[in-house]
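The values are calculated or read from the model by the stated rules, or taken from the named source; none is laboratory data. No experiment lies behind these values; they were computed from the predicted model shown. As a convention, Cβ positions derive from the backbone with ideal geometry for all residues, glycine included, and neighbour counts pool all protein chains shown. Side chains included, ligands, DNA and RNA excluded: accessible areas come from the protein's heavy atoms. Shrake-Rupley method; radii C 1.70, N 1.55, O 1.52, S 1.80 Å.
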Amino acid sequence: VRFPEDLEDDNTTFNPEYSHQVFGDDEVAFGYKGLKILLYYIAGNLSTLFRIEYTSKVNEKFDCVEADDVESKIREIIPPGFCTNTDDFVSLLEKEVNFKPFGMLLHTYSVHNEEAGEDITYQIYKADMTCPGFREYHERLQTFLMWFIETASFIDVDDERWNYFLVFEKYNKDGATLFATVGYVTVYNYYVYPDKTRPRVSQMLILPPFQGEGHGAQLLETVHRYYMSSPTVLDITAEDPSENYVKLRDFVLVKLCQDLLCFSPGKLMRGFSEEMVTEAQQKLKINKQHTRRVYEILRLRATDMGDAEQSRSYRLDVKRRLIGPYKKKQRELAKMRRCLRPEELTNQLNLIELNMQHEQLEESFQQLVSDYRRVLERLAQA
């Protein structure tokens, strides 16, 4: 909500992707007709208005059943101090002009908005719990995780090893410059013996109204650039990354790596090398596993897949990496031969059938190439 009229504007509304963490696996609130759970957030500081509406509700006295206590479930997620009536919320909205982003400005960029016909400015800040007011703001911000990240959990903000990177949109209201929350990422700094740290991306969210505009890539690249300059950082990883996050990371890392000398077309065609691992780790804080994916994507760009020899060489190179898990199964099978009775071995053989492995390997390869091509297409447009 930026203006009072946004309260009645369905275009500013977005729905949760998940509600199982609040309402159970069936995602059902029992005992209501026409139930609406309404959560409004002021665009910048995320002050909250919470309301529940319904046309009817079961009654324990007459229906012998009790409706779910929806309000308590929501109150477990949103921090105290929220509004329950519109007037209080609108009065807070009038003070929004005083809200400023937390922490240190790291990056400013603009995105052209077709609808508005102009470039909109965005800024990325790094914050921590020492910033005045940030703790309370973060409590409101993290409530979005429950609705948009499938396995989300709230973090221990008293642990000083957390860093927070936030994206804000700058917008004008009555001649003043205001800021709207776009998204954020949390990063945990793990200790690596003897004197290094390994920042691990934990939770990343771009709010639905801003998705598909490139903010995730800007945010992740800014995080990498922030840590790249630190001599104590070993490399940057991610905690249990989603499929979408892996695709985003592929794009960002390829964009960062493409100009390194070790990834020149001539060197790419000679295969994956220790030089690539060392240069990517030292200059960009990228670990070996992620560097290998960057190499495969950039080698695909340098390969003429219409040339039979080049295509075959690329396919074999990627499949040699992909076959690792299958070779592990073969080793497990060899162990089984030594210790299982013949009838047990037959059952296991059915599970690890060689032809199926080849089919799965080819399927994995084709899916990977398809994903890599999308990264390259996005890179060409960047």
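Which is touching a helix residue (DSSP H, G or I) at 6+ places or on another chain (Cβ under 8 Å), surrounded by fewer than 16 Cβ atoms within 10 Å (Cβ to Cβ) and more than 25 Å from Ala180 (Cα to Cα), of Glu17, Glu53, Glu71, Glu66?
Glu66
I'd like the residue in the range 94-131 that is open to solvent by 50 Å² or more (accessible area, probe 1.4 Å) and among the small types (Gly, Ala, Ser) and, out of all such residues, is nearest to Val167 (Cα to Cα).
Looking at residues that are open to solvent by 50 Å² or more (accessible area, probe 1.4 Å) and among the small types (Gly, Ala, Ser), I get Ser110.
All but one of (1) over 19 Å from Asp240 (Cα atoms); (2) touching a residue at least 24 places away in the same chain (Cβ under 8 Å) hold for Gly175; which doesn't?
Here Gly175 meets the rest and fails (2).
Among the candidates Ser91, Ser202, which residue alone is open to solvent by less than 60 Å² (accessible area, probe 1.4 Å), of a type in the set (S, T, N, Q) and within 30 Å of Gln282 (Cβ to Cβ)?
After applying the criteria, what remains is Ser202.
In the range 30-43, what count of residues is obtained for those that are farther than 20 Å from Gly183 by Cα and open to solvent by 30 Å² or more (accessible area, probe 1.4 Å)?
8
For residues that are open to solvent by less than 20 Å² (accessible area, probe 1.4 Å) and either assigned by the TED database to the domain that holds Ile77 or among the polar types (S, T, N, Q) (or both), tally how many sit in the range 143-158.
Residues that pass the stated criteria total 1.
Limited to the range 20-29, what total is found for residues that are surrounded by 15 or more Cβ atoms within 10 Å (Cβ to Cβ) and either in contact with a Cys (Cβ under 6 Å, 6 or more places away or on another chain) or not in a loop (DSSP other than H, G, I, E, B) (or both)?
Start the filter on the range 20-29 by keeping residues that are surrounded by 15 or more Cβ atoms within 10 Å (Cβ to Cβ), which leaves 21-23, 29.
If we keep only those that are either in contact with a Cys (Cβ under 6 Å, 6 or more places away or on another chain) or not in a loop (DSSP other than H, G, I, E, B) (or both) too, we end up with 21-23.
Total satisfying the criteria: 3.
Let me confirm something: among His138, His107, which residue is in the same structural domain as Ala238 (by the TED database), farther than 23 Å from Gly81 by Cβ and modelled with pLDDT of 95 or more? I'd like the intermediate steps shown before the answer.
Values: His138 fails: farther than 23 Å from Gly81 by Cβ.
Criteria check complete, one pass: His107.
In the set Thr181, Thr222, which member is closer than 30 Å to Ile74 by Cβ, buried (at least 17 other Cβ atoms within 10 Å of the Cβ) and over 13 Å from the mean Cα position of the chain (by Cα)?
It is Thr181.
Output the qualifying pairs, or none if there are none: Cβ atoms under 8 angstrom, residues six or more apart or on different chains, first residue in the range 134-148 and more than 14 Å from Glu76 (Cα to Cα) and of a type outside the set (A, V, I, L, M), second residue open to solvent by 10 Å² or more (accessible area, probe 1.4 Å) and in a helix (DSSP H, G or I).
Phe148/Pro208
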